Amino acid sequence: MEISDYQLKKLRNYLNNEIGIYVDDSKMQTIYKRKLLKLLKEKGYSDFEEFYKDLVLKKSSFLKQDLINVFMVNETYFFREKYQFDTLVKHVLPELHIKRPANEIINILCAPVSSGEELYSIAIMLMEEGELIKKRDFMLLGIDVDSDAIAKAKAGIYSARSVHKLPPELIEKYFVKTGNLYKVKDFLKKAVNFKIVNIMDKYQMKKLGMFDVIFSRNMLIYFDEKSKREVLATFYNILKNDGYLFLGHAERVPSDIVLFKSMKIGDSFVYKKTADS
Ligand SMILES: C[S@@+](CC[C@H](N)C(=O)[O-])C[C@H]1O[C@@H](n2cnc3c(N)ncnc32)[C@H](O)[C@@H]1O
């Protein structure tokens, strides 16, 4: 079977519209063409147009999900860019704890969470800090469009590579080692929630509720400018006043977007939604 450059571009535009990612021509013609051919074969298609018709016209949600799972880059690990979690636990959450009414739950969203390591890391940091969770309830939610990644997050079973940045005493405390795998202990699993959500879907995002903190690391770098701006507007809408947005180290809110106030707290650059911003 052959897939032409025109067909690859058609699929690239479809994905761009649906989930925001933009794959450049060279990656499309190499890595993704190979992945796509494999998927089509697995699904029993001998012609790209047949596949595309089912995807777009029949709106097959299974086919769409399989395609999304093939295209996603899920790279993540525990304690990735740990200094941001330090800023969260040492500065941001203590400030929010003082500002929010005593009985209000503090809601933290990881969007995207990939296979869960980022959200479990936040839960571990909170448990290690120890004082805040005695005084305040927290709700930790992780979302991703990749259903395989969310299934892995819910299972909570990781390779040695995933936990390589964790100190041995924390591995001992929060994981059960079976063979080469590390399984998250039940008490940690109970502290987090995961859901399949497309961040580009404004309706689904609004239904999640309002958040005090949003982590969105290492996804917007894969998005085109327009989708990135749409997602930032969505984050603004679901962030409470005085709430904080953390982006990946290579990501920035464009300087002409004045909705967020950027600042350095601890070792991290963060974005704050203020009543006057
Ligand atoms: C490189 S991972 C980043 C994971 C984690 N935040 C980190 O920094 O370690 C990027 C994730 O973005 C997810 N993603 C891409 N587009 C998305 C969308 N439209 N909605 C939700 N998740 C998306 C992918 O499925 C992938 O799991």
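The values are calculated or read from the model by the stated rules, or taken from the named source; none is laboratory data. In this text the structure is predicted, and so the values were computed from the model without any measurement. A quick note on method: Cβ atoms are made from the backbone with ideal geometry, for glycine too, and the neighbour counts reach across all protein chains shown. Ligands, DNA and RNA are excluded from the accessible area calculation, which covers all protein heavy atoms including side chains. Shrake-Rupley method; radii C 1.70, N 1.55, O 1.52, S 1.80 Å.
Data table
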{"read-out": "Residues satisfying the stated conditions in the stretch 75-119, i.e. open to solvent by 30 Å² or more (accessible area, probe 1.4 Å), of a type in the set (D, E) and within 10 Å of the ligand (Cβ to nearest atom)", "value": "E75, E81"}
{"read-out": "Search result, residues across the stretch 219-237 that are of a type outside the set (K, R) and either part of a loop (DSSP other than H, G, I, E, B) or touching a helix residue (DSSP H, G or I) at 6+ places or on another chain (Cβ under 6 Å) (or both)", "value": "M219, L220, D224, T234"}
{"read-out": "Qualifying residue in the stretch 123-138 (condition: touching a residue at least 12 places away in the same chain (Cβ under 8 Å) and assigned to a strand (DSSP E or B))", "value": "yes"}
{"read-out": "S216 vs. criteria open to solvent by less than 40 Å² (accessible area, probe 1.4 Å), among the hydroxyl-bearing types (S, T, Y) and touching a helix residue (DSSP H, G or I) at 6+ places or on another chain (Cβ under 6 Å)", "value": "no"}
{"read-out": "Selection from the stretch 166-195 of residues that are in contact with a Ser or Thr (Cβ under 9 Å, 6 or more places away or on another chain) and open to solvent by 50 Å² or more (accessible area, probe 1.4 Å)", "value": "N180, L181"}
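Yes or no, residue by residue, for (1) modelled with pLDDT of 90 or more; (2) of a type in the set (F, W, Y); (3) within 18 Å of D201 (Cα to Cα); (4) in contact with a Pro (Cβ under 8 Å, 6 or more places away or on another chain):
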position	(1), (2), (3), (4)
I3	yes, no, no, no
K10	yes, no, no, no
I19	yes, no, yes, no
S26	yes, no, no, no
Y32	yes, yes, no, no
K41	yes, no, no, no
K59	no, no, yes, no
